[in-house]
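Single-structure report; data block below.
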Amino acid sequence: MTEQVYRLELPQQVNEAPAAPKVQPKVHPKEDGRGRRVEKTSALARIRTQMGISPGLAVMALAAVAVVMMMLMSHAQLVIVNDDVVSARNQLSELKTEETKLMAQYELAYDLQEIEKKMLNSGEMIRIQSWQTYTLELAEPDSVEYFQSSSLSEKLRALAGSVAAGLQEYF
């Protein structure tokens, strides 16, 4: 703000009606020692002019600081998540080791060869003979064909019928 001085003028003659005093502001700017005029400004404006910072630059600097803070916070969160992953991996490896130990104990608890010997000796289980073994081919569709006749002509007729049925099904 500038300093103002007011001067009041009073009437000189008594005959005149008294008029309202006239107020005239007089501005006296301050001068520094070099003869330059100095005006009072706000503290923010003085700092801005002394440092040479424009408002846009100040906003950009604040935005940059905010981005850096956000990056630091996200990096801290990443470190926390990374620690959790490492601890989960360690726990997984411990569980795999425990699984291996438990599987070994389970296999030792049930010795299949020993069980087979006991069951064979008691008669509750018997070994199968070679004539009791059947081989099933599962590539064909599920169907049963039972041939009662032993003549060759009936077998050929049945074979031709099955081939015809297969061709009809295919096409």
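The values are calculated or read from the model by the stated rules, or taken from the named source; none is laboratory data. The structure displayed is predicted, hence computed values, not measured ones. FYI the Cβ positions are ideal-geometry reconstructions off the backbone, even for glycines, and counts take in every protein chain you see. SASA here: full protein model, heavy atoms, side chains in, ligands and nucleic acids out. Shrake-Rupley method; radii C 1.70, N 1.55, O 1.52, S 1.80 Å.
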I need the phi-derived Karplus couplings for the stretch 103-120: 6.51 cos²θ - 1.76 cosθ + 1.60, θ = phi - 60°, integer Hz, Gly and Pro marked x. 5, 5, 5, 5, 5, 6, 5, 10, 8, 5, 5, 5, 5, 4, 4, 5, 5, 5
Of all GluC sites (Glu not before Pro) in the stretch 91-171, which ones are in loop regions per DSSP and have a Cβ with at most 15 other Cβ atoms within 10 Å? Glu124, Glu137, Glu145
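Ignoring ligands, DNA and RNA, what percent of the accessible area of the stretch 85-142 is carbon or sulfur (1.4 Å)?
Working: 3400 of 6100 Å².
C and S fraction of accessible area: 56 percent.
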Under a no-solvent Debye model with one identical scatterer per Cα of the stretch 77-171, what's log10 I(q)/I(0) at q = 0.25 Å⁻¹? -1.22
Candidates per trypsin sites (Lys or Arg not before Pro) in the stretch 65-170, loop by DSSP, up to 15 other Cβ within 10 Å: Arg127
Between the modelled labels at Asp84 and Leu102 (7 Å from Cα along Cα→Cβ) the distance in nm is 2.5
